[in-house]
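Asker: Structure in structure tokens, see below.
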Amino acid sequence: MKLAIISHTEHYKRPDGTVVGWGPTISELNHLAQDFEEIYHIAFLHAGPPPPSSLPYSAPNIKFVPLKPVGGKGMGNKLKIVLNIPQIIATVKKTLRQVDVFQLRTPTGIGVFLIPYLTLFSSKKRWYKYAGNWNQHNPPLGYALQRWMLKHQRRKVTINGKWPKQPEHCFTFENPCLTLKEREDGQQIIKEKNYAPPFTFCFVGRLEDAKGIQRIIDAFGALENLEQIKTIHLIGDGEKMAHYKKQCKALDLPVVFHGFLERQEVFGIYKESHFILLPSDSEGFPKVIAEGMNFGCIPIVSDVSSIGQYVCDDNGFLLNPISELRLREVLQEAFSKKTEELTKMASDCYLVASNFTFGLYRKRILEEIINSHSNNKIN
């Protein structure tokens, strides 16, 4: 069986010509390739050097099908999407002739026109993936439109979390991010990790206010003393990095800015960290939470989307409301916990992470999506 995946995943070319893409997606495809004769990945090929978080395809049966990058902020970039619709549809149509089943990953700028096109004009087996907050009350217009279209058709959709009145064709799926070897490593790390101060914190993602970076700086900067804090690792990049660095220096915060890192380097920081921070405004269910939990990083995260369905008082700290004041309160609460309490929380984190293995994801895709597929038409 041959599979096509259509996504907005950013790809680049290394100087030697090797195509690389955003690490989490490429890892997922490398594992899925074990179950398909061929996988065609239709996605964007960007100019310039790839970020360190990019990975090459390790499976020889994956073929990259490049699209010209479109989208972005501003009316000019939105117009480029419209102008490129014929070329994008032509590429998708040509690729679909070569496969038996496909997946469209949403929400994305091209999803606004690809969802109706694929739903109405393709009889191929397919499923859609919605990676954003399925229960978001006021999503951006493009996200809201894509979610509405996915709700009002009968082909299968994988989503984050379980929700009241969830349509029958919408399946709760965890985002895979862990191998069995990494599960074994995590178990050993938690046994050896000492949950006593001074504590190490980490954040992984885009460095921007929407992800909670300013909240992190303000909350730690407002603490009476920093004796219980060893290091705050910020992994990622963003336009405001220089501004954040200046603030951290002025507040004398023990912050290390790493920029983007390769997967194993990120995992190395998980292994030495006690807590993972993600006080963001909106999320689906970020893989970094599950990765961190696997290595005993107790989550301090926003109570948005499905996050609260995996993180609770037994294994972490939820921010509700999402504010600098609440984050500061949670930090003080974490500092007041006994070593034994934090160790127990970390062990519970490890159990939750068992839902996010590549093996379980592959099994569910084959059993619940591919082999039980329905080709019902749109309502």
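The values are calculated or read from the model by the stated rules, or taken from the named source; none is laboratory data. Here the structure is a predicted model, which means the values were calculated and not measured. FYI the Cβ positions are ideal-geometry reconstructions off the backbone, even for glycines, and counts take in every protein chain you see. When the accessible area is computed, the model is the full protein with side chains, heavy atoms only, and any ligands, DNA or RNA have been set aside. Shrake-Rupley method; radii C 1.70, N 1.55, O 1.52, S 1.80 Å.
Asker: Across the range 139-144, in residue order, what do the Karplus-derived ³J(HN,Hα) couplings come to in whole Hz, using 6.51 cos²θ - 1.76 cosθ + 1.60 with θ = phi - 60° and x for Gly and Pro?
Answerer: x, x, 4, x, 5, 4
Asker: Given a 1.4 angstrom probe, what's the average accessible area per residue across the range 118-178, in square angstrom?
Answerer: 49
Asker: Here's something else I'd like to know. Accessible surface of M75 in the full protein assembly, 1.4 angstrom probe, to the nearest 10 Å²?
Answerer: Roll a 1.4 Å probe over it and M75 shows about 150 Å².
Asker: In Å, what is the Rg of the alpha-carbon atoms in the range 58-128, and how long is Dmax?
Answerer: 13.2, 39
Asker: Next up: Considering just Cα atoms, how many Å³ per residue does the convex hull of the chain enclose? Let's see the in-between values first.
Answerer: Working: hull volume 53.2 nm³, N = 379.
In the chain, the Cα hull volume divided by residue count equals 140 Å³.
Asker: 5 Å is the cut-off here: which amide hydrogens, built 1.01 Å from N in the peptide plane, fall below it relative to I232, excluding neighbours closer than 5 in sequence?
Answerer: Placed amide hydrogens put F201, V255, V256 under 5 Å from I232.
Asker: Right, next: What size of dipole, in debye to the nearest 20, comes out for the chain about its Cα centre when the only charges are +1 on Lys and Arg C-beta atoms and -1 on Asp and Glu C-beta atoms? Numbers along the way, then the final one.
Answerer: Working: 47 positive and 38 negative charges, 403 e Å.
Here the size comes out at about 1940 debye.
Asker: Can you give me the % of accessible surface on the range 43-141 that is carbon or sulfur? Probe 1.4 Å, all protein chains present, nothing else counted. Can you show the working numbers first?
Answerer: Details: 3120 of 5010 Å².
So the carbon and sulfur contribution to the accessible surface is 62 percent.
Asker: Where nothing but the Cβ of Lys and Arg (+1) and of Asp and Glu (-1) is charged, how large is the charge dipole of the range 106-203 around its Cα centre, in debye to the nearest 20? Don't jump to the answer; show the numbers that get you there.
Answerer: Values: 15 positive and 6 negative charges, 118 e Å.
Computed charge dipole of the range 106-203: roughly 560 debye.
Asker: Express the accessible area of the range 267-334 per residue in Å², computed with a 1.4 Å probe while the remaining protein chains stay in the model. Walk me through the numbers on the way to the answer.
Answerer: On the way: 1910 Å² over 68 residues.
Value for the range 267-334: 28 Å² per residue.
Asker: Also, quick follow-up: What is the helix-to-structure angle for 75-96, meaning the angle in degrees between its Cα long axis and the longest Cα principal axis of the chain, kept from 0 to 90 and rounded to the nearest 10?
Answerer: 60
Asker: Right, another one. Determine the per residue accessible area of the range 24-109 with all protein chains present and a 1.4 angstrom probe, expressed in square angstrom. Display every interim value, and only then the final one.
Answerer: Values: 4070 Å² over 86 residues.
Value for the range 24-109: 47 Å² per residue.
Asker: Can I ask one more? Decide, for the range 28-181, between rounded, prolate and oblate: order the square roots of the alpha carbon gyration tensor eigenvalues as a ≥ b ≥ c, take rounded if a/c falls under 1.5, and otherwise choose prolate if a/b is larger than b/c, else oblate. Spell out each step's value before the answer.
Answerer: Details: a/c = 1.31, a/b = 1.07, b/c = 1.23.
Cα axes put the range 28-181 in the rounded bin.
Asker: Within the range 261-348, what whole-number % of the accessible surface is contributed by carbon and sulfur, with the 1.4 Å probe and all protein chains included in the calculation?
Answerer: Values: 1430 of 3150 Å².
Ligands and nucleic acids excluded, carbon and sulfur give 45 percent.
Asker: So what are the ³J(HN,Hα) numbers for the range 7-19, from phi and the Karplus equation (6.51, -1.76, 1.60; θ = phi - 60°), rounded to whole Hz, Gly and Pro as x?
Answerer: In residue order, the calculated couplings are 8, 9, 4, 6, 10, 9, 10, 6, x, 7, x, 5, 7 Hz.
Asker: While we're on this one: Report, please, the projected area of the range 273-379 averaged over directions, based on the convex hull of its C-alpha atoms, in nm². Don't skip to the answer; put the middle values down first.
Answerer: On the way: hull surface 34.7 nm².
That works out to 8.7 nm², a quarter of the Cα hull's surface.
Asker: Choose one of V255, L234, S282: the residue whose Cα lies farthest towards the positive end of the charge dipole of the range 232-287 (beta-carbon charges +1 Lys, Arg; -1 Asp, Glu; about the Cα centre).
Answerer: Highest projection toward the positive end goes to V255.
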